[in-house]
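My questions will all concern the structure given below.
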Ligand SMILES: [Zn+2]
């Protein structure tokens, strides 16, 4: 069971540059930019700080917008990887 405080701790570590995955691989929670599992996706520090601020101040629309941006990067990265293999 993953609690909000675990997520807040993960966010802080991530902002500090330590991308950590909560819980089991494939079941737990990735960092917002997925850099715990895909280090090449690591977001710049300014983006990490902004994301944390949006989360902690409950600016949900902006926060979700950033999540979508990170998700989009992750998906296009996967497509590139698949393209290289295929
Ligand atoms: Zn992960």
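Since every read-out is calculated from the coordinates, none of them should be taken as a lab result. No experiment lies behind these values; they were computed from the predicted model shown. Please note: Cβ atoms are built from the backbone with ideal geometry, for glycine as well, and neighbour counts cover all protein chains shown.
Pairs under 6 Å by beta carbon, first residue on the phi > 0 side of the Ramachandran plot in region 14-43, partner surrounded by 14 or more Cβ atoms within 10 Å (Cβ to Cβ), six or more apart or different chains?
34/41; 34/74
Sticking with this structure for a sec: Scan region 24-31 and give yes if some residue there is under 20 Å from residue 6 (Cβ atoms), within 15 Å of the ligand (Cβ to nearest atom), part of a loop (DSSP other than H, G, I, E, B) and in contact with a helix residue (DSSP H, G or I) (Cβ under 9 Å, 6 or more places away or on another chain), otherwise no.
Yes, region 24-31 contains a residue that is under 20 Å from residue 6 (Cβ atoms), within 15 Å of the ligand (Cβ to nearest atom), part of a loop (DSSP other than H, G, I, E, B) and in contact with a helix residue (DSSP H, G or I) (Cβ under 9 Å, 6 or more places away or on another chain).
Also: Which of the residues that make up region 11-23 are within 13 Å of the ligand (Cβ to nearest atom) and either over 18 Å from residue 44 (Cβ atoms) or part of a loop (DSSP other than H, G, I, E, B) (or both)?
Once the filter is applied, which keeps residues that are within 13 Å of the ligand (Cβ to nearest atom) and either over 18 Å from residue 44 (Cβ atoms) or part of a loop (DSSP other than H, G, I, E, B) (or both), region 11-23 yields 18, 19, 20, 21, 22, 23.
When you scan region 48-79, how many residues do you find that are under 18 Å from residue 8 (Cβ atoms) and part of a helix (DSSP H, G or I)?
Counting residues in region 48-79 that are under 18 Å from residue 8 (Cβ atoms) and part of a helix (DSSP H, G or I) gives 16.
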